[in-house]
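Q: Pasting a structure below so you can have a look.
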Amino acid sequence: MSTTIKRGGKGVRRAASAKGKKRAVAGAKARTGGLFSRMIGALGLSESALQKAFTVLIVIVAGAAIWAIAVISGFPTFADEKIGKLAADTGFAVRRVEVHGVDRMDEEEIYSRAIAAQAQPMTQLDVANLREELVSLAWVSDARVSRQLPDTLVIDIIERTPHAVLQQGEDFVLIDPTGHRLEPVAPAKAEKMLVLKGEGAAERAADLAILLEAAPALKTQVRGAEWIGNRRWNLTFSTGQVVALPEGEEQSAEALVAFAQMDGMNRLLGGKVAVFDMRDPSRVYMRVPGRAQDEAKAREEAKRLAAEAARDNGG
């Protein structure tokens, strides 16, 4: 009897090692699968829903990649130009400009900014940039720019309100209640308005308006206001008379109200007093033109008469 021995067969140890690896792989798969299943269960998603989500994600990533390649190659710009030309050819271009809300300023300043838009298709018109250009104009407080298809550009303007005139040397500039400079004005026109002067006066225009509201009876008679030393106001009335107010918002308002009451009782405005100095809250100093000279002359005359009387008595 003969025995056949197969060469190349696995030894006992090798076979045991192979079985151990199979068991480890199977255990790892079971653990991973269980963990993955628990994660899906926690999200409340089915395997089909999860598969759809992964598909959408892949499509988004692919689309972003394609768009990036298109941007690099300049395709969006090319497409935008073609779309714009198509829109213009079909009538969607700026052919009319309507401007609303302009009362005092020159409308040509608005149209000069909008005229560049007339050469652009509606799809390429940058309304935000046009609005910024309009708001930069001296008279424009705010603006709204809108498209009215197919061919009209509508511009709504909110103008600033002229409030007073700022005097700077020999020059006069119209300002709004906030002190914003609008445009130069002629001296003759400035005489009919409230004239402000003094360093920093324009920036204090709003404060002055509040101060004058404290005495409405005097408000319409004030023709000028000078901001003195960045501290206080001197008010000039239509009669040419001046009231020197103290420092401080409350103190100046109280002084102006007190002056209004005194004027109501004694008719100070239009009288002989040229300056009413109310900087001292306890009293009012009044200066009458020529009074000092008259008093000096009176004293000299009194001395002369006294001297003559002394000579007569001595003789």
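Q: I'd like the accessible area for residue 149: 1.4 Å probe, protein heavy atoms, all chains in place, Å² to the nearest 10.
A: 110
Q: Write down the accessible area per residue of segment 109-240 in Å², having rolled a 1.4 Å probe over the full set of protein chains. Each step should come with its number before you reach the end.
A: Working: 6780 Å² over 132 residues.
Here the residues of segment 109-240 average 51 Å² of exposed surface.
Q: Could you sort 280, 171 by accessible area so the largest value comes first, with the probe set to 1.4 Å? Before the final figure, lay out each step's value.
A: Numbers: 280 55, 171 100 Å².
Ranked from most to least accessible, the order is 171, 280.
Q: Classify segment 144-271 as rounded, prolate or oblate from the Cα gyration tensor: take a ≥ b ≥ c as the square roots of its eigenvalues, call it rounded if a/c is under 1.5, otherwise prolate when a/b beats b/c and oblate if not.
A: prolate
Q: Assuming a ≥ b ≥ c are the square roots of the Cα gyration tensor eigenvalues, decide whether segment 196-277 counts as rounded (a/c under 1.5), prolate (otherwise, with a/b larger than b/c) or oblate.
A: Cα axes put segment 196-277 in the prolate bin.
Q: A further question on this structure: How much net charge surrounds residue 159 when only the other residues with a Cβ under 9 Å from the Cβ of residue 159 are counted, with Lys and Arg +1 and Asp and Glu -1? Present the calculation step by step, with values, prior to reporting the outcome.
A: On the way: positive: 104, 160; negative: 103.
Taking every Cβ under 9 Å from that of residue 159, the sum is +1.
Q: Treat each spin label as a single point 7 Å out from the Cα along the C-beta direction, and report the residue 61 to residue 274 distance in nm.
A: Taking the two extended label points, one gets 9.1 nm.
Q: At 1.4 Å probe size, what's the solvent-accessible area of residue 238? Round to the nearest 10 Å².
A: 70
Q: Report residue 197's accessible area, 1.4 Å probe, all protein chains in place, as a number in Å² to the nearest 10.
A: Around 80 Å² of this residue is reachable by solvent.
Q: Once you list every other residue whose beta carbon is under 12 Å from the beta carbon of residue 187, what net charge do they have if Lys and Arg are +1 and Asp and Glu are -1?
A: That sum, taken over residues with Cβ under 12 Å, equals -1.
Q: Work out the FRET efficiency for residue 170 and residue 116 from their Cβ-Cβ distance, taking R0 = 45 Å, and round it to the nearest 0.05.
A: The formula returns an efficiency of 0.75 here.
The values are calculated or read from the model by the stated rules, or taken from the named source; none is laboratory data. All values reported here derive from a predicted model rather than from experimental measurement. Because the Cβ atoms are built from the backbone with ideal geometry, glycine has one as well, and the counts that use them run over all protein chains shown. Surface areas here come from the heavy atoms of the whole protein model, side chains and all, with no ligands, DNA or RNA. Shrake-Rupley method; radii C 1.70, N 1.55, O 1.52, S 1.80 Å.
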